Each structure stands twice: as structure tokens, then as C-alpha cells.
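Novice: Here it is: the structure, laid out below.
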Amino acid sequence: MIQLFHVSKFFERCTALHDVTVRIEKGECVLLTGPSGAGKTTLLKLIFGAEIPDEGQILVQNRNIARLREADIPYLRRTMGFVLQNFKLLPKKTVFDNVALPLIIQGVSRADSKRKVGEALKAVGMNHKHTSQTGVMSAGEQQRVCIARAIVNNPIILLADEPTGNLDTVLTSEIVELFKTIHARGTTVLLATHNQSVVEEMNGRVLHLQAGRMVSDKGPAA
Amino acid sequence: MIQLFHVSKFFERCTALHDVTVRIEKGECVLLTGPSGAGKTTLLKLIFGAEIPDEGQILVQNRNIARLREADIPYLRRTMGFVLQNFKLLPKKTVFDNVALPLIIQGVSRADSKRKVGEALKAVGMNHKHTSQTGVMSAGEQQRVCIARAIVNNPIILLADEPTGNLDTVLTSEIVELFKTIHARGTTVLLATHNQSVVEEMNGRVLHLQAGRMVSDKGPAA
Amino acid sequence: MRRPLYLIQEAFVNIRINRTSVMIGIITTAFTISCFGLFALLYGNLKNLAGTLQQDIEVLVYVQPEASDKIVEGIRQRLEGEKAVNVLSFVSKAEALKEFHQQFPDESTLLQGMEENPLPASFVVQISPQFQESDSIEAFAERIKQFPGVEQVRYSQDWIDTLALLVSYFEFGAIVIGLILAVATITIIANTVRLSFYLRKEEIEILRLIGATGSFIATPYVIEGALLGACGGALALVLLKGVFEFFLLEINASGWFSGLESVLIFFPFQTSLFLVLSGMLLGCGSSIISVFGLMRVRNEAT
Amino acid sequence: MRRPLYLIQEAFVNIRINRTSVMIGIITTAFTISCFGLFALLYGNLKNLAGTLQQDIEVLVYVQPEASDKIVEGIRQRLEGEKAVNVLSFVSKAEALKEFHQQFPDESTLLQGMEENPLPASFVVQISPQFQESDSIEAFAERIKQFPGVEQVRYSQDWIDTLALLVSYFEFGAIVIGLILAVATITIIANTVRLSFYLRKEEIEILRLIGATGSFIATPYVIEGALLGACGGALALVLLKGVFEFFLLEINASGWFSGLESVLIFFPFQTSLFLVLSGMLLGCGSSIISVFGLMRVRNEAT
Ligand SMILES: Nc1ncnc2c1ncn2[C@@H]1O[C@H](COP(=O)(O)OP(=O)(O)OP(=O)(O)O)[C@@H](O)[C@H]1O
Ligand SMILES: Nc1ncnc2c1ncn2[C@@H]1O[C@H](COP(=O)(O)OP(=O)(O)OP(=O)(O)O)[C@@H](O)[C@H]1O
Ligand SMILES: [Mg+2]
Ligand SMILES: [Mg+2]
């Protein structure tokens, strides 16, 4: 499903990832942990095709990300959902429009999108605010809109980067439950987090990064 | 020190704060909690003069924020430090330049700024990256640069909005220790957070907001 | 392009949201097209004016003093058969004498010594517009000279040459300056569009992140650019028309050039349409270049 | 302004970081100033050319046929005393006859019937530049007419009037078009600067958040704007000079106007300096307006 072979990513002043090899099967639930600056976001971005590895190969759904033609990237991305650490919502658009965007891009009919967006917003507890502009919302609200946008599409792979950093404990549990439900439906979930309780609650395979190196890879507690 | 009298703030579609009255003494340590969208950020922004209350009065260091002349706001802000939820760093500038900016604005000499910036960066564990551009750093790194920028100035009031949302448990504890040290020096600390362990470790007065209303105000555990 | 309606809507939403930058774009486009249009107008009218002045060119065909009426009639008929002849009039010997006395009252004494009127009869030929070139007038004059009974053909070679030179001089200048203005117009519009797209870099990155194709992202911007360019062109047209009318009014008020109003012309309908269309194309083209330029770098999507 | 060095450094850092938008700004400024400069150049040279043509204006002073040499000498002396007279030459009766034969070989017979030469002697006066106005020539002619021994004063009133009209016509057009171009230039530069400041909205907000005063925030941008404008003005100058030289070359190559090269002039040093300075002021002013405009709204600092 997702395979990384000896992947390294170097930046001007630091090595974000160093010789990472990992294989994630379809339907797995993987938690990515590690201290600040360990390379978690970089790893997710590589899988998403937003960065190109400096060394090694990445296969996502049997396609080599680094060798993919520019024109094919959009179609790969449509099969994935991405919750970004810095949200990346269109600030001038409403919550509804932001969440509906991945559907519009794929040409889903108006009625279908409306229903799907409604469901996604309800799942993150934001359906009461669907007409608000995202740019002026609170951080927690924006984060939840991001999650809704990532799941609205029933993605095959869900990548989430610190999706509960701005949420209180109650909401965090709810989001964890949501991810578990999505995982139960067969979606591959890859979640980067600092929150130990999220790691415990999700109870998945845990990859621990440290200064760009994969230092441990533990299966879920039985 | 900081006084709010029946403060309300209304936005187009919601009431961010409703009739909040609170008095924070000089040197107090106050924790602001509440679910996502409760109005924590709005409250901090009001104290900082970044928003104007729709009702009520706010006194900060005996100055009425809402009635302050535009030209006086910069001077008030120089006595405060602010860690924003969305960082607001200058992305093209280096870590050092970002943190030094409040000092340059106040005309602190080059040698002095260098020393102070060095100390602040060391306190958040970012001194090894002082020549990196902030725009490309990891979220946790940016958050720590923000904290350094807020404390570099020895502010009289330190406002921090979810300052550990992107940090792992180890770093979170370190930052909490840092805030405690700053508080011990006599700085008024006002900290909005979702993280229960931060609330416990800080052991300060806890204000709990819910849908814009102040629902509880508990003193520190003895 | 699965949802054309959405993309058009999106263009209008963009315009509504980025009102300021759209206004800036329209005004800039309008001004740059105006600069170009103003020059075109100036050029067109000066050329027109030169043409009008050239219409005054007359060729004088002097008849031999001894020529009979029949021969004079023959010359008239042959002249009327010439395509180059626009208006033809005859000045008899007597009329020539009268004119001479009128024009040179002081020199009247000159002719008093002669028993016979020494002045010849003549035909005054006004040349058709399409034959007003220096060369064709010369050829025409040479031909007429061969007619039986024609003594001499005269025309003010200097005046014609000067006018022809002036027109060609202006034409050359027009080409150079027009070219420069065209390049400037395109550069300014392209730059304006590029700047306004920097404002939307984030937006474009986000769209790419959620899997939008290049054409999906670009289409609303291209529509917006076309609308913006067309509005700019139309505004330029209105501006130019305003300046033109103001100019006419001023001329009337000052009374300098009483006949000039009738000569000055504004762009005909086709040219006006062309101006608006070229604005549209400019806007469109600049948008395409800008959006695809911004989308080129893959790594910027982070 | 406690740290002037920092603020200047900051301006240069800004320029280095925002290279593209700075380049765009410079090019836009250059092109708009060029448009204006091109027009100014055209205007200046055409006016200059008109002046040169006007220098050919001659006033002919005919001497009475019966005038003695002494009287002729008196006229010459009085003419030489006139400030309006630039160059003076004398054509005697004999020379006049010779010229007549040369100029009108066909009409030579006209004068053969007379025993005495009927043509008068004359003075040819070239008018000083400062007296080449239609009115002053008329006044001059009237005065000369009163001199004893002067029979007649002639000059081509038409030609002078036409030239004067053309020049005033062009001057009027120059004012209107120059004004429009100036407005366009200012609008375009202001808009470019405004757009490029939208790009920096975030930066300005952040600076305000950490307690920077308005002037602290604005100064680097104003310095940047001034540099940008000055560069634009300089580039415009280079561009114009290039076009000018190209034009001269083309004229030489085509051989159309052999004498024209000596008449065409580029901007003198002061005007060039003025162009660069005005670019600088434009950039400066636009920056000030933009930055303070962006800082006006207090709530945007969120
Ligand atoms: N575009 C970039 N240019 C330069 N350095 C970069 C870039 N992106 C990331 N880095 C560096 O690479 C390292 C890993 O970054 P990454 O964002 O992957 O960390 P992370 O594990 O997500 O951290 P956090 O928990 O703080 O989000 C960091 O030191 C960061 O500064
Ligand atoms: N500028 C604004 N315009 C409209 N609504 C706003 C604006 N700023 C905040 N709000 C709304 O006000 C409410 C309170 O926002 P605030 O950012 O204060 O919440 P918060 O307590 O900080 O939440 P979080 O924990 O998610 O950061 C939210 O519902 C938000 O959508
Ligand atoms: Mg990260
Ligand atoms: Mg908040």
C-alpha cells in the first residue's frame, strides 16, 4: 500500500529524514510519534507527493511518487485525505465550500456533495457553522473543518498531522473515535501526534521517529 | 493590573464573549480553559488591543484599551509578550531576526539584543537553529520561536494562546517550567490551554470559559 | 472541465472577494490600453489631416496661347477621361488677367506695356485622393504634357514632397512608438496580473493539495482575466472618447481651427470592438501565463 | 526612528527577498515613465523642429525704384539697428532681374517689352528667433514700411500663421495628452505599489502586533519605494536614450532627412535628472500611501 525504501530528505541546514524504510499495508492504522522536528510532517508530505525524496523510493498504491508525472499527482491526491498541521483552508470561503471542494473537483453532483459535506461536518461537530468563513474561526474550529475536508471524500488513505493539537480532551476523544470508525471502514490511517492519550486510544502500530531516523516500530497492543 | 468590566464581543454569526467581568492582579498566574470556540483567543486579543470590545471596558495597566489612541497602542504592546495560536512569525526571516525584532523596535543595542535573544532561544531549546528561516520549520519549532519572541523582552504581562499545542510531553514540561520561572520573576502570566497536564503543572488560578461566558473561576490548589 | 458552471461562478466570486485588486487590474489595463489608443487616435487623425491637406494639391495645365477652342475642348475631354482627375475647372485668358490684377495689384504696370494679354488660359485639376502620391502626380503631369495644345504643366512639387515626407516620417515614428507602447502595455498588464496572482499563491497551493488539476485551477482565473481585460478595454474606450470629445469642444471654443472638427474622427466601430477584444485577450493571456507559472514549481505546494 | 541603520538594511533585505515583485515594480515604473518621457521627447523635438523651420522666415523689403544709393544706405543702417533683424542681405535691381530670369525662364518674354528693368531692389531680412511670432513680424513690417525709400514690405504671412497655429495646436494637444499620461503613470505606479503591499499585509500586521510604530514599519518600505522608483526612472532614461539613438540611426540609414539629425535633441542633463528624481518621488509617495493605508484599520491586526 505505502512503501518507503531507504528514504532520505535533506534540507539546507538539517536532515529531516534519514534512511527510512517502512511498509504500511492497506487498512493499517499507523501512529507517527517523535519529538518536535523529528520529521513526522516531512514523512507525511513525502507520501502525499508534496515533497520529493532526495534518496530512496516511495511507492503509494504501487505508484512511484518521485517518478509520477506532474499531471498525475492530482488524481493520486484525490484518493487521499490530508489534515495539515497549518490547516490550509481557503480563508474567504465558508466552511461548507471548503469541505465541498474535494467533491467539486471530482465532479460529484450537487445533491450528493451536500449530503456528504453535511455528514462530514456532523462527524467533527461543525455542522452548525457551515456558513461561517473559515478565516475568522477559532483554531479548534479550523482544525475540525480540516478533518471534515480530509474525510468527506472517503479517502483510501487518510494522513493526519497533529489533528488534535488545538482541541480539548472531549473533542480529542471524539475525533479519535471518528478516526477509528474511518479505519474500521477499511481506510489506511496514518496519524502524526504528540498526544500520548491519542496514541493509546487509537491503539495502532506506532512508528517512533527521532531526528529523522526511525528508532522504533511497535505493533498495536493485543 | 488587568480588569474587564462586563465585556462582550459579538461577531456576525456568534457571540465570542458575553458579559465577562474579571480582575487579574499584577504577578498572578491565570489559566484560561474551555472548549474549542469558547472565546479564549478573543479574550486574549482584547487584552492585547488587537480587537475592540463591543460592550464593557478593559483596563490594562490602568489604561482603557478601547479608548487608547492608535499611536499609543505600540507602546502598550511593548510591555506585553504574546504567543499566538497561529504563530505569526516573519517567514522569510531567520529565527534570530524574528526573536530580536521586539528589541530592535525598542532600540536595544546590538550587543544587548544578541545576549537577550541567545538566552530566550536557549530557554525554549532553539538556539542551535538561530540561523534557520522560520517559514520552513516544523510546527513545534515555530511555536518555540514564538515563545522566545514573547519572553525576550521581559514583558510585564505574558499572554500565551495554546503555547504547547504542537509540542511533545517532554517539551511541554520544559515550557511549563519556563513559564513558571517567568512568573516567579513577577510577570503576570495569562495562558489559554486545552492541555489538562499544563493546567495541573502550572497550578494557577483557572478561569473556565464556555460559549463566551465565564463559568468558573478557581484559585490555585494550595 | 466537469463543472463549467462552478468554474464560472468561482470567477465571479473571486472578482467579488478581490474587489480591490480587480479594480486595480481594470484601471491599469484601461490606462495602458488608453495610452496605446491615444497614440493610435493621434496617428490616425494626423494622417487623416495630412490627407485632407493633400486634397488641396492642384495641377495647373496651361494651354498654348494660339490654341483654338476646339483644341481646348479636346484637352478638357481628355482630362476628364483621366482617373487621376477629381475636379476640373477652366480659367480663360481673360480670367487669368483678372486674377493677376487681383493678386498682384502693385505689378499691374508690368502688363500695361503689352498690346495683347500675355497670360495663357489654363485648366485647374484637383487630384483624386488615390493619386496624390508624389510619384503618380509626376507621371500624370508628364502624360498631360504630351496632349496637343498643352504648353506647360505646373504643380507645387515642393509642397507635395514635404507632405509626403512628413507623412512617411510620422508613419515611421508611429511604428516605432506604437511598438514600444504595445510592449509596455503587455508588460504592465502581465505584471499586474502576476502580482495579483502572488496574492493567490496560497489559494492555488491549497487547491493543488486537495487534488485539483491545472486546468480546474486556472479556468476561473482565466475567465476573470478575460472579464477584467474586456472591462479595461471598454473603460479605455470611454476614456478616449471623453478626451476626444473634450478636445473637439476645446477646439470649438477656441475657434482656432474652424474646419478641423469635420476632419477629426474617432475610432470606427470595428476598431473599438477590436480594442475591447484585445483587452480581453490580453487579460486572458496574462492569466494563463501567471497561473501556470505559479503552478510550475511542485515543491511550493507545501 | 531609533535605528536608522537597521531600517536601511531592512529595505535592502526586503528588496533581496521580494526580488520578483521589486523587478516587476521597477519595470512597470520604467515603462510608465518611458511612455511619458517618449511623449515629452516627441513634443520637445517637434517644437524644436518647428522653431528651426520658422528660422527660414524672410521679410522682403522692396526699395522704391527711384531711391538714391544714399537712401538705400539709410534703409540698411536703420534695418541693422532693428533688434528683430538677424541676417540682412541686399538684392540689387540687376540681381533681381537675374533671379527672375532664373526662376521663371518661361515668363522671360514678359519683361522683354520694357526698356527699363521694372524689378525693384530689395533687402532680405531674416528674423531673430525671439521675434518670429506672427504678431511681432507684423509690427516689424508695419514699422519698416514707414522708412523713407521703402516701397513695399512682403513676407509669407500664411506660412507663419500656419506654423504658429500648428505649434499652438500641438502645444494644446501636448498639455492634454501629457496630463493624461501623467495621471496614468501615477495611477499605475500607485497600483503596483499597492498590490505589492498586499503581499506584505501579513508582515505589517506582525510588526504591529509586536509593538512597532507606524513610522518604524513604513520607513523601510518608503526607502524601498524610493529606490525602486529611482531605478525605474533610470531604466526609463536608458530605454528612451536607446529608442532615440535607434531612431537617429534609422534616419541616417534611410537618408530621408539628412539635416534632421542635427536638429533632434535628447533630454538635457537637468531633465534627465528630473526624470529619475520624479521616479524616486513617485515610488516614495506611493509607498507612504500604501503602508499607511494598510495600517489604518486597527482590527486587521488580528
Ligand atoms: N522546507 C524546509 N526547509 C528547511 N528545513 C525544513 C523544511 N521542512 C522541514 N524542515 C526541517 O526538517 C525538520 C523536520 O521537520 P518536520 O516538520 O518534519 O518535523 P515534525 O516532526 O513535523 O515536527 P513538529 O512535531 O514540530 O511538527 C525540522 O528540523 C525542520 O526545521
Ligand atoms: N473575526 C471573527 N469573526 C467572526 N467570528 C469570529 C471571529 N473571531 C472569532 N470568532 C468566533 O468566535 C468564537 C470564539 O473564538 P475564539 O477564537 O476566541 O475561540 P477559542 O476559545 O480560542 O477556541 P480554540 O480553542 O478553538 O482556539 C468562535 O466561534 C469563532 O468562530
Ligand atoms: Mg510537524
Ligand atoms: Mg483559540
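The values are calculated or read from the model by the stated rules, or taken from the named source; none is laboratory data. Because the structure is predicted, anything quoted here is derived from the model rather than measured. Cβ sites come from the backbone with ideal geometry, for glycine too, and all protein chains shown count toward neighbours.
Novice: Hey, does the stretch D:226-233 have a residue that's out of contact with any Gly (no Cβ under 8 Å at 6 or more places or on another chain) and part of a helix (DSSP H, G or I)?
Specialist: No; the residues of the stretch D:226-233 include none that is out of contact with any Gly (no Cβ under 8 Å at 6 or more places or on another chain) and part of a helix (DSSP H, G or I).
Novice: Can you find a residue in the stretch B:166-184 that is under 20 Å from B:Leu46 (Cβ atoms) and either modelled with pLDDT under 90 or under 15 Å from the mean Cα position of the chain (by Cα) (or both)?
Specialist: No.
Novice: While we're looking at this one, here's another question. Of the residues B:Val99, B:Val83, B:Val60, B:Val95, which is buried (at least 19 other Cβ atoms within 10 Å of the Cβ) and within 16 Å of ligand 2 (Cβ to nearest atom)?
Specialist: Answer to the selection: B:Val83.
Novice: Could I ask something else about it? Cβ-Cβ distance below 9 Å, separation of 6 or more or different chains: which pairs start in the stretch D:199-216 with a residue that is assigned to a helix (DSSP H, G or I) and end on one that is surrounded by fewer than 17 Cβ atoms within 10 Å (Cβ to Cβ) and among the polar types (S, T, N, Q)?
Specialist: D:Glu205/D:Thr302; D:Leu209/D:Thr302
Novice: Something else about it: Looking at this structure, is B:Asn86 within 16 Å of ligand 3 (Cβ to nearest atom), without any contact (Cβ under 8 Å) to a residue 24 or more places away in the chain and within 14 Å of chain A (Cβ to nearest Cβ)?
Specialist: Criteria met by B:Asn86.
Novice: Mind listing whichever residues of the stretch B:191-221 are outside any loop (DSSP other than H, G, I, E, B), out of contact with any Cys (no Cβ under 8 Å at 6 or more places or on another chain) and under 24 Å from B:Asp19 (Cα atoms)?
Specialist: B:Ala192, B:Val206, B:Leu207, B:His208, B:Leu209, B:Gln210, B:Arg213, B:Met214, B:Val215, B:Ser216, B:Asp217, B:Lys218 - these are the residues of the stretch B:191-221 that are outside any loop (DSSP other than H, G, I, E, B), out of contact with any Cys (no Cβ under 8 Å at 6 or more places or on another chain) and under 24 Å from B:Asp19 (Cα atoms).
Novice: Need pairs with beta-carbon distance below 9 Å; first residue closer than 12 Å to B:Lys9 by Cβ and within the stretch B:40-51, second away from ligand 4 (no atom under 13 Å from the Cβ) and of a type in the set (S, T, N, Q); sequence gap 6+ or separate chains.
Specialist: Qualifying pairs under 9 Å: B:Ala50/D:Asn299; B:Glu51/D:Asn299.
Novice: Within the stretch B:17-28, count every residue that is surrounded by fewer than 22 Cβ atoms within 10 Å (Cβ to Cβ) and within 19 Å of B:His208 (Cα to Cα).
Specialist: Here the count works out to 8.
Novice: Residues of the stretch A:142-172 being within 14 Å of chain B (Cβ to nearest Cβ), in a helix (DSSP H, G or I), of a type outside the set (A, V, I, L, M) and in contact with a helix residue (DSSP H, G or I) (Cβ under 7 Å, 6 or more places away or on another chain), which ones?
Specialist: A:Gln142, A:Arg144, A:Thr169, A:Thr172
Novice: Do we find a residue being buried (at least 21 other Cβ atoms within 10 Å of the Cβ) and under 18 Å from the mean Cα position of the chain (by Cα) anywhere in the stretch B:207-218?
Specialist: So far as the stretch B:207-218 goes, yes, one or more of its residues are buried (at least 21 other Cβ atoms within 10 Å of the Cβ) and under 18 Å from the mean Cα position of the chain (by Cα).
Novice: Look at the stretch B:127-148 and say how many of its residues are of a type in the set (A, V, I, L, M) and within 15 Å of ligand 3 (Cβ to nearest atom).
Specialist: Residues in the stretch B:127-148 being of a type in the set (A, V, I, L, M) and within 15 Å of ligand 3 (Cβ to nearest atom): 4 in total.
Novice: Continuing with this model, one more query. Could you say whether any residue in the stretch B:139-148 is surrounded by 23 or more Cβ atoms within 10 Å (Cβ to Cβ), among the small types (Gly, Ala, Ser) and more than 16 Å from ligand 1 (Cβ to nearest atom)?
Specialist: no
Novice: Where the second residue is surrounded by fewer than 16 Cβ atoms within 10 Å (Cβ to Cβ) and part of a helix (DSSP H, G or I) and the first is in the same structural domain as C:Leu228 (by TED's automatic domain parsing) and lies in the stretch C:10-29, which pairs have Cβ atoms under 9 Å and are six or more apart or on separate chains?
Specialist: C:Val22/C:Arg16
Novice: Please enumerate the residues belonging to the stretch B:149-169 that are within 12 Å of ligand 3 (Cβ to nearest atom) and among the acidic types (Asp, Glu). Outline the logic, then answer.
Specialist: Initially, the stretch B:149-169 is screened for residues within 12 Å of ligand 3 (Cβ to nearest atom), giving B:165-168.
Correct list: B:Asp168 only.
Novice: Kindly evaluate B:Gly135 against the criterion of being modelled with pLDDT under 90 and assigned to a loop (DSSP other than H, G, I, E, B).
Specialist: No: the conditions fail for B:Gly135.
Novice: Condition first: more than 11 Å from every other protein chain (Cβ to nearest Cβ) and under 18 Å from A:Phe5 (Cα atoms). Now tell me which residues in the stretch A:29-43 satisfy that.
Specialist: Listed by number, the residues that qualify are A:Val30, A:Leu32, A:Leu43.
Novice: With the structure loaded, tell me whether B:Ala123 is in contact with a strand residue (DSSP E or B) (Cβ under 8 Å, 6 or more places away or on another chain) and either touching a residue at least 12 places away in the same chain (Cβ under 8 Å) or more than 16 Å from ligand 1 (Cβ to nearest atom) (or both) or whether it fails that test.
Specialist: Numbers: in contact with a strand residue (DSSP E or B) (Cβ under 8 Å, 6 or more places away or on another chain): no; either touching a residue at least 12 places away in the same chain (Cβ under 8 Å) or more than 16 Å from ligand 1 (Cβ to nearest atom) (or both): yes.
No, not satisfied.
Novice: Scan the stretch A:177-196 for residues that are in contact (Cβ under 8 Å) with a residue 12 or more places away in the chain and within 14 Å of chain B (Cβ to nearest Cβ) and jot them down.
Specialist: Residues satisfying the conditions are A:Ala192, A:Thr193, A:His194, A:Asn195.
Novice: Just one of (1) within 14 Å of chain A (Cβ to nearest Cβ); (2) in contact with a helix residue (DSSP H, G or I) (Cβ under 6 Å, 6 or more places away or on another chain); (3) at pLDDT below 80 trips up C:Leu7, so point out which.
Specialist: (3)
Novice: Can you tell me how many residues in the stretch A:95-110 are at pLDDT below 90 and small (Gly, Ala, Ser)?
Specialist: Number of matching residues: 2.
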